[in-house]
Amino acid sequence: MEATVYDVVVVGGGAAGLSAALVLGRARRRVAVVDSGAPRNAPAAHMQGFLSLDGIPPADFSAAGRAEVTGYGVELVEDQVVGIDAGFYVRLAGGRVLKARRILVATGVRDELPEIPGVRQRWGRDLLHCPYCHGWEVRDQPIGVLGTHPGSVQHAQLVRQWSDDVVFFVHTYDLTPAEHVRLEARGVRVVGGEVARLVVEDDRLTGVELIDGQVVARTAVFVRPGNLPHADGLLTGLGCEIDQAGFVTVDATGRTTAFGVWAAGNVVDPRAQVITSAGAGSAAAIAINADLVQEDVETAVERHHAAGRVFSAAMESRVTQAVLGDRRHGL
């Protein structure tokens, strides 16, 4: 199948990808955004902390962004990228092949959640991860924090900012005596024992049940999930360097170590919020367009020189002058 040629193919249609597409579309670049329609923040009812859009439902944010970029001629492709071959031939699950001059990967991350009954069902509703995203909405409520991750204690200390009633459930976390003291010093109650399940009544979280049967009443629970890159192999397949945690290495503009490949958003920084990811996408787009302009200039110069190599009388005179100089009449 013959590939359609684009200046840039953006892999991922979240905040970073759409922000980049908007800038590139306004720069009159031919752009395709490939997205499978499974955003990480889909379970959340609202998106917080985005200036002028605080509280907007994620689906509405995505719809507005998609409408904006299509207004500048950006093509939205509902599909999944299964591979990117040499020469930036982008293979899609549906069989289509796109050809790109540059690639921007903005595929985000996946959250690794603890295998506790009720966690996946309540994820993004009253089982939460980011206090900056959800803390205000559960302020002054009885809140729990699950001990599952090396950063769980610090997470509990952050959550304490939003409520005086915080319980740290040790669960599988190896709590040190020093950490215990620091939690108690700020009024965070520590509850030992593994968590058996989240208690839900009438579609609302009401408590956390331990394996001994004890139920601690809570209306919201925070957990710090493991954030992992998607196991799609796109960036490593393109030859991009990654760090020890598996995240791609980029410069300040999102440029990777592979020629013509940029990355932006949570695929680079798992802690980036929506507004941060959008900014990273914009920065990457500006850098990509500048890189394309440089290539366009070099191509134009080559064509200009090639056009001048037609052996006309004027060209003969220039060549003679360059080679022989004043000796051309006296060999």
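The values are calculated or read from the model by the stated rules, or taken from the named source; none is laboratory data. The structure displayed is predicted, hence computed values, not measured ones. Positions of Cβ are backbone-derived with ideal geometry, glycine not excepted, and every protein chain shown enters the neighbour counts. Heavy atoms of the whole protein, side chains included, go into the accessibility calculation; ligands, DNA and RNA do not. Shrake-Rupley method; radii C 1.70, N 1.55, O 1.52, S 1.80 Å.
Sub-8 Å Cβ pairs linking a first residue in the stretch 10-34 that is open to solvent by 20 Å² or more (accessible area, probe 1.4 Å) to a second residue that is of a type in the set (Asp, Glu) and assigned to a loop (DSSP other than H, G, I, E, B), at least 6 apart or interchain, number zero.
Is it the case, given these coordinates, that GLN121 is touching a residue at least 12 places away in the same chain (Cβ under 8 Å), polar (S, T, N, Q), surrounded by fewer than 17 Cβ atoms within 10 Å (Cβ to Cβ) and closer than 17 Å to ARG189 by Cβ? Against the criterion (touching a residue at least 12 places away in the same chain (Cβ under 8 Å), polar (S, T, N, Q), surrounded by fewer than 17 Cβ atoms within 10 Å (Cβ to Cβ) and closer than 17 Å to ARG189 by Cβ), GLN121 does not qualify.
Evaluated against (1) surrounded by 16 or more Cβ atoms within 10 Å (Cβ to Cβ); (2) under 18 Å from the mean Cα position of the chain (by Cα); (3) not in a loop (DSSP other than H, G, I, E, B), ALA59 falls short on exactly one condition, (1).
Applying a threshold of 7 Å to beta carbon distances and a minimum spacing of six or more residues, or different chains, the list of pairs starting in the stretch 233-258 at a residue that is modelled with pLDDT of 95 or more and surrounded by 13 or more Cβ atoms within 10 Å (Cβ to Cβ) and ending at one that is among the acidic types (Asp, Glu) and part of a loop (DSSP other than H, G, I, E, B) reads THR249/GLU241; THR249/ASP243; THR257/GLU241.
Give ALA67, ALA38, ALA42 a once-over and let me know the one that is part of a helix (DSSP H, G or I) and open to solvent by 40 Å² or more (accessible area, probe 1.4 Å). Working first, answer last.
Values: ALA38 fails: part of a helix (DSSP H, G or I); ALA42 fails: part of a helix (DSSP H, G or I).
Of ALA67, ALA38, ALA42, the one residue that is part of a helix (DSSP H, G or I) and open to solvent by 40 Å² or more (accessible area, probe 1.4 Å) is ALA67.
Of the set (1) in contact (Cβ under 8 Å) with a residue 40 or more places away in the chain; (2) not in a loop (DSSP other than H, G, I, E, B), all apply to THR107 but (2). Among the residues of the stretch 217-232, those identified as of a type outside the set (Val, Ile, Thr), closer than 11 Å to HIS129 by Cβ and either in contact with a Gly (Cβ under 9 Å, 6 or more places away or on another chain) or loosely packed, with under 14 Cβ neighbours inside 10 Å (or both) are PHE222, ARG224.
Can you find a residue in the stretch 171-184 that is crowded, with 19+ Cβ neighbours inside 10 Å, in contact with a Lys or Arg (Cβ under 7 Å, 6 or more places away or on another chain) and within 28 Å of ASN266 (Cβ to Cβ)? No; the residues of the stretch 171-184 include none that is crowded, with 19+ Cβ neighbours inside 10 Å, in contact with a Lys or Arg (Cβ under 7 Å, 6 or more places away or on another chain) and within 28 Å of ASN266 (Cβ to Cβ).
Looking across the stretch 84-116 at every residue that is of a type in the set (Gly, Ala, Ser) and closer than 18 Å to ARG30 by Cα, the one that is surrounded by the most Cβ atoms within 10 Å (Cβ to Cβ) is identified as ALA106. Summed over the stretch 129-166, the residues that are outside any helix (DSSP H, G or I), buried (at least 22 other Cβ atoms within 10 Å of the Cβ) and in contact (Cβ under 8 Å) with a residue 40 or more places away in the chain give a count of 5.
Checked against (1) open to solvent by 20 Å² or more (accessible area, probe 1.4 Å); (2) closer than 28 Å to PRO225 by Cβ; (3) modelled with pLDDT of 95 or more, VAL81 passes all but a single condition, namely (1).
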